[in-house]
Each structure stands twice: as structure tokens, then as C-alpha cells.
1. Just one of Glu70, Glu60 is over 20 Å from Lys20 (Cα atoms) and not aromatic (Phe, Trp, Tyr); which is it?
2. With respect to Val94, is the statement that it is open to solvent by less than 30 Å² (accessible area, probe 1.4 Å), of a type outside the set (Ser, Thr, Tyr) and in contact with a helix residue (DSSP H, G or I) (Cβ under 6 Å, 6 or more places away or on another chain) true?
3. With the requirement that a residue be among the acidic types (Asp, Glu) and closer than 24 Å to Ala134 by Cβ, what does the stretch 30-61 give you?
4. Which residue is farthest from Ala10 (Cα to Cα), if the candidates are limited to the stretch 67-77 and must be aliphatic (A, V, I, L, M), over 12 Å from the mean Cα position of the chain (by Cα) and surrounded by 14 or more Cβ atoms within 10 Å (Cβ to Cβ)?
5. Output the residues belonging to the stretch 35-57 that are touching a residue at least 12 places away in the same chain (Cβ under 8 Å), among the β-branched types (Val, Ile, Thr) and open to solvent by 50 Å² or more (accessible area, probe 1.4 Å).
6. Return only the number of the condition from (1) modelled with pLDDT under 95; (2) surrounded by 10 or more Cβ atoms within 10 Å (Cβ to Cβ) that Val80 does not satisfy.
7. Restricting the stretch 114-153 to residues that are hydroxyl-bearing (Ser, Thr, Tyr) and within 14 Å of the chain's Cα centre (by Cα), which is farthest from Glu81 (Cα to Cα)?
8. Is it the case that some residue within the stretch 12-34 is more than 23 Å from Ile109 (Cα to Cα), open to solvent by 40 Å² or more (accessible area, probe 1.4 Å) and touching a residue at least 12 places away in the same chain (Cβ under 8 Å)?
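The values are calculated or read from the model by the stated rules, or taken from the named source; none is laboratory data. Predicted, not measured: the structure shown is a model, and the values here were computed from it. Reconstructed Cβ throughout: ideal geometry from the backbone, glycine too, with neighbour counts over all protein chains shown. The protein model used for the area step is the full one, side chains on, heavy atoms only, and it has no ligands, DNA or RNA in it. Shrake-Rupley method; radii C 1.70, N 1.55, O 1.52, S 1.80 Å.
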Amino acid sequence: MLSTITIKAARDEDVPVLGKFGADLMALHHQWDPERFIPTGTGTEASYARWLGSQLEKSEVVVLAAEQDEMIVGYAYASVEGYDYMALRKPAGVIHDLFVEPEKRSQGIGRMLLEAAVAALKERGANLIVLSTAHRNEAAQRLFAAAGFRPTMVEMTLDVKA
């Protein structure tokens, strides 16, 4: 029997597992490029959980949880933001985090989270939606391209050694 996947607004009781997933997302990025991405530490999970918990009631923020068999298996964090002159960007919805547990990938959960985040940002008035993805995260790039996202910027890093 196939289990049902539900995308829902995250609640306070979901925050501890979302904090773990946020730390897992950080660790994955650090693994891809330890010179660019910050490492996790002993307090990362709790700090990420506190941050996401502080965002739940903000009207311009979207925190979604993917639930399967009464377990949280992924999340998305996004917000509607104003002009960002450093990014040369007009007001937009910004998808900051999209994460699915490794064992649960390739089941459409990431696509469902992405679609729900886009819909929620549109409901909040976003006419443009942007996101960033790690250069080495080819699976996510395929997902985003399939959803209609197009490349617009390339971040480049120079490691300056003393």
C-alpha cells in the first residue's frame, strides 16, 4: 500500500525535526564545498530550529512540512521580500531552503514542496520567485528547471589564502 504524502504549514511541534533537517542541509553544503559553506556544530540543530520556529507566525514567510506516515520527511522555507539592491532584485518570493530526507528522495516530495512553496508565495503577492542552489546539487537543479526556473546568476568564489 502506498503511503500518502501531505504538504502542510509547519507547526510548533514540527520545529525540532525541521531544525535537524536544516542542520542536515548545512552539512550537505559543507560536504560539497567546505571552503564556501559553514560547517555545522553542536548547537546547529537547535539554532536552526529556533530560527524556523521564530518564522512560523510571520505573514510574509512560508514554512512547509512534508508528512508521510505521520512523520515529517522534508521541509521548505521561503519568504516574500522587498527590493534587494545587493542582489539587483526587485521584490520577490525567495525560496531559501528545500530539503527532503535522503531515504525519501525520488518520490516526488521535493516537487510537491516546491509547488506548494511557489503557490504560497503567489498567494502572498509574489510575481517573481527566485532561489539559489549549490553548484554541485545537480538533482535540485533538474527539479527547479523542470518546474520552470531558469538560471539567472552564477556565484563564484575565490579562496584567498594568507
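1. Answer to the check: Glu60.
2. No: the conditions fail for Val94.
3. Asp33, Glu35, Glu45
4. The selected residue is Val73.
5. Ile38, Thr40 - these are the residues of the stretch 35-57 that are touching a residue at least 12 places away in the same chain (Cβ under 8 Å), among the β-branched types (Val, Ile, Thr) and open to solvent by 50 Å² or more (accessible area, probe 1.4 Å).
6. Tallying (1) modelled with pLDDT under 95; (2) surrounded by 10 or more Cβ atoms within 10 Å (Cβ to Cβ), Val80 fails exactly one: (1).
7. Among those that are hydroxyl-bearing (Ser, Thr, Tyr) and within 14 Å of the chain's Cα centre (by Cα), it is Thr133.
8. Yes, the stretch 12-34 contains at least one residue that is more than 23 Å from Ile109 (Cα to Cα), open to solvent by 40 Å² or more (accessible area, probe 1.4 Å) and touching a residue at least 12 places away in the same chain (Cβ under 8 Å).
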